[in-house]
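Written below as C-alpha cells is the structure these notes are about.
The values are calculated or read from the model by the stated rules, or taken from the named source; none is laboratory data. Since the structure is predicted, the reported quantities are computational estimates derived from the model, not experimental observations. Note that we place each Cβ from the backbone using ideal geometry, even for glycine, and neighbour counts take in every protein chain shown.
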Amino acid sequence: MIVLDGIQSALAVSITGGTRRSVEEPSSQTVIRGPKEGFTEDISINITLIRRKLRTPDLKFESHIIGKVTQTTVILAYIEGIADPEVVQEVTRRLQSIDTDSILESGYIEEFIQDAPLTPFPTMLNSERPDTVAGSLLDGQVAILIDGTPFALIAPVTFFNFFQTAENYYQRYDISTFLRGVRLLSFLVSLLLPSVFIALTTFQQEMIPTTLLVTLAAQREGAPFPALLEALLMELTFEVIREAGVRMPRAIGPAISIVGALVIGQAAVEAGLVSGAMVIVVAFTAISNFVIPYFSMAASIRLLRFILMLLAGTLGLFGILAGVIPILAHLVSLKSFGVDYLMPYSPFYKSNMKDLLIRVPWWAMKTRPNEKSGPNKTRQAPHQFPAGSDNIINRINKPDTQD
C-alpha cells in the first residue's frame, strides 16, 4: 500500500513477480519424441502452457486459495462437456474441505483429497509435462495445478495409467504396444522376482532344473546367511546407494551410484557374503523398477516387494500366493474419485481395451474412456480412417486402361 500525505485515498500496488525459472525440459519424465517443455513453479506460466495446447473456450480454470498462512493458489482445470460433472463437483468439494496452515507442494493436496489414504498404491497421477495434462483433460480427467510446484495432479486414474507415457501416443501403435508390454513385465519382475528366487532356493528346490540347481548350490556353499537375509541385505544396500545418489550433487551422484553398486556387489561376492546369483537377481530387479514411468507407483512396488520377500522366506511359494491374493483384492476394492482402480477389467469394459495393454492406431480410437469422460464421449468422426487407405482401395478398384 502507498499512502501519500494530504491525500485521502491510497494506492494498492502488486509486488508479485521477480525472477522465475524458465520453461525447461522435464527432469523426471523425459521423452525421445515429443515436446521438450515442462511446468515451472509459476502457476500462471503453467496455465499458459496448457492453454496453448487446448485452445477451446470449454477449457475451464477454477481458482481456490488454500492455506491460512501460505494462501496458496490452487487451480482446478477441466474441459466442460468432456469431464464428468460429478467428478468435477467431488474434486471441488474435497479441495474446499481442506483446512490447514500451509500448502507448499502438490503432495500436500494429494494426501488431503485422495481416496483410501492408507493404501500403498497412488490414486492420483502427478506429472510435470503439459502435454500429459492436456491429453488427460481430453480423456475427461481433471487436473489440479498448485502454485510453487511444477507437478500437476491428475484424477481420476486407473492402475494402468501408471504404465502409460506421453511418448506412447507419439510413436507408432505397434512400438507403443510393445513398450507397454515391457513395462508391465518389468512391474511383475520388480514385484515378484526376489521373492520367487528366495522361495525356490529355500523351499521348492525340486522345481529348479537340475543343472541350474547344482550351479546355485555351488555358489551358496559356505554362504553364512540364508537366502532371505542375503536378499534383504542386498536390497537395503541398493536402497542406500539409490538414496545417496539422489542426495549427492548432480555432477557426481550418478557416478557414485554406479561405482558404489559395482564395488559393493563385487566385494560381497568375493568375500563370500552373498552369492553371485543373488546379486544378479537384485540388480535386475532394480533395473526393472526404473522402467516404471511414475515414481509413486515404483516406490509402492518397492515397499510391497519387501513384504513378499518375508512371506517367501517363511512359507515359500505359498507365502507369495498368500501375499499376492490380498494385493489383488485390495486393488479391486480401490477407487479414484468414484472410478474403479482396475477398470476396464473390473468391471469389464470392452470398448476401453483399445488403449490399455495394447494401443490401436489413432484412427481406431473413436471414443473416450467410458469410466473417465462425461457426456461428450466422441473423440473423432466415425468415418475417420487413414487417408492413404482410400487411395489404396481406389487403385485396387480402378479398371486397367492399358492395352
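What pairs come up if the first residue lies in the stretch 53-73 and is touching a residue at least 60 places away in the same chain (Cβ under 8 Å), the second is assigned to a loop (DSSP other than H, G, I, E, B), and their beta carbons are under 7 Å apart, counting only those six or more places apart or on different chains?
That search, which allows pairs on different chains as well, returns 72/103; 72/147; 72/148; 73/147.
Across the stretch 17-58, what is the total count of residues that are more than 26 Å from residue 175 (Cβ to Cβ), of a type outside the set (A, V, I, L, M, F, W, C) and in contact with a Leu (Cβ under 8 Å, 6 or more places away or on another chain)?
2
Please indicate, with yes or no, whether at least one residue in the stretch 45-55 is in the same structural domain as residue 115 (by TED's automatic domain parsing), under 25 Å from residue 378 (Cα atoms) and modelled with pLDDT under 90.
No, the stretch 45-55 contains no residue that is in the same structural domain as residue 115 (by TED's automatic domain parsing), under 25 Å from residue 378 (Cα atoms) and modelled with pLDDT under 90.
Given the conditions (1) assigned to a strand (DSSP E or B); (2) surrounded by 14 or more Cβ atoms within 10 Å (Cβ to Cβ); (3) not polar (S, T, N, Q), which single one is not true for residue 49?
(1)
So, residue 197, is that one surrounded by fewer than 21 Cβ atoms within 10 Å (Cβ to Cβ), in the same structural domain as residue 328 (by TED's automatic domain parsing) and over 23 Å from residue 137 (Cβ atoms) or not?
Values: surrounded by fewer than 21 Cβ atoms within 10 Å (Cβ to Cβ): no; in the same structural domain as residue 328 (by TED's automatic domain parsing): yes; over 23 Å from residue 137 (Cβ atoms): yes.
When the stated conditions are applied, residue 197 does not pass them.
In the list 148, 222, which residue meets the criterion of being in a loop (DSSP other than H, G, I, E, B) and touching an Asp or Glu at 6+ places or on another chain (Cβ under 7 Å)? Steps first, answer last, please.
Numbers: 222 fails: touching an Asp or Glu at 6+ places or on another chain (Cβ under 7 Å).
Answer to the check: 148.
Hey, can you tell me all the residues within the stretch 120-134 that are under 26 Å from residue 301 (Cα atoms), in contact with a helix residue (DSSP H, G or I) (Cβ under 7 Å, 6 or more places away or on another chain) and of a type outside the set (A, V, I, L, M)?
Passing the criteria: 120, 121, 122, 126, 127, 129, 132.
Taking the condition of being closer than 12 Å to residue 278 by Cβ and out of contact with any Pro (no Cβ under 7 Å at 6 or more places or on another chain), how many residues in the stretch 203-232 meet it? Full working, then the answer.
Going through the stretch 203-232, the residues closer than 12 Å to residue 278 by Cβ turn out to be 216, 219-220, 223, 225-232.
So of that shortlist, the ones also out of contact with any Pro (no Cβ under 7 Å at 6 or more places or on another chain) come out as 216, 219-220, 223, 225-230, 232.
Looking only at that region, the number is 11.
Give me the residue from the stretch 20-46 that is touching a residue at least 60 places away in the same chain (Cβ under 8 Å) and part of a helix (DSSP H, G or I) and, out of that set, surrounded by the fewest Cβ atoms within 10 Å (Cβ to Cβ).
Among those that are touching a residue at least 60 places away in the same chain (Cβ under 8 Å) and part of a helix (DSSP H, G or I), it is 43.
Looking only at the stretch 135-179, count how many residues are touching a residue at least 60 places away in the same chain (Cβ under 8 Å) and either of a type outside the set (Val, Ile, Thr) or touching a helix residue (DSSP H, G or I) at 6+ places or on another chain (Cβ under 7 Å) (or both).
Here the count works out to 31.
May I ask you to say which residue of 118, 95 is farther than 21 Å from residue 25 by Cα and in contact with a His (Cβ under 6 Å, 6 or more places away or on another chain)? Steps first, please.
Working: 118 fails: in contact with a His (Cβ under 6 Å, 6 or more places away or on another chain).
When all the criteria are applied, what remains is 95.
Output the number of the condition that residue 235 fails; it satisfies all remaining conditions of (1) among the acidic types (Asp, Glu); (2) under 20 Å from residue 274 (Cα atoms); (3) over 29 Å from the mean Cα position of the chain (by Cα).
(3)
For residues that are outside any loop (DSSP other than H, G, I, E, B), at pLDDT 75 or above and either surrounded by fewer than 18 Cβ atoms within 10 Å (Cβ to Cβ) or of a type in the set (S, T, N, Q) (or both), tally how many sit in the stretch 346-366. Walk me through it before giving the result.
To start, the set of residues in the stretch 346-366 that are outside any loop (DSSP other than H, G, I, E, B) comprises 348, 350-355, 359, 362-364.
With at pLDDT 75 or above added as a condition, the list becomes 348, 353-355, 359, 362-364.
Imposing the further condition that a residue be either surrounded by fewer than 18 Cβ atoms within 10 Å (Cβ to Cβ) or of a type in the set (S, T, N, Q) (or both) reduces the set to 348, 353-354, 362-364.
Of the residues in that region, 6 qualify.
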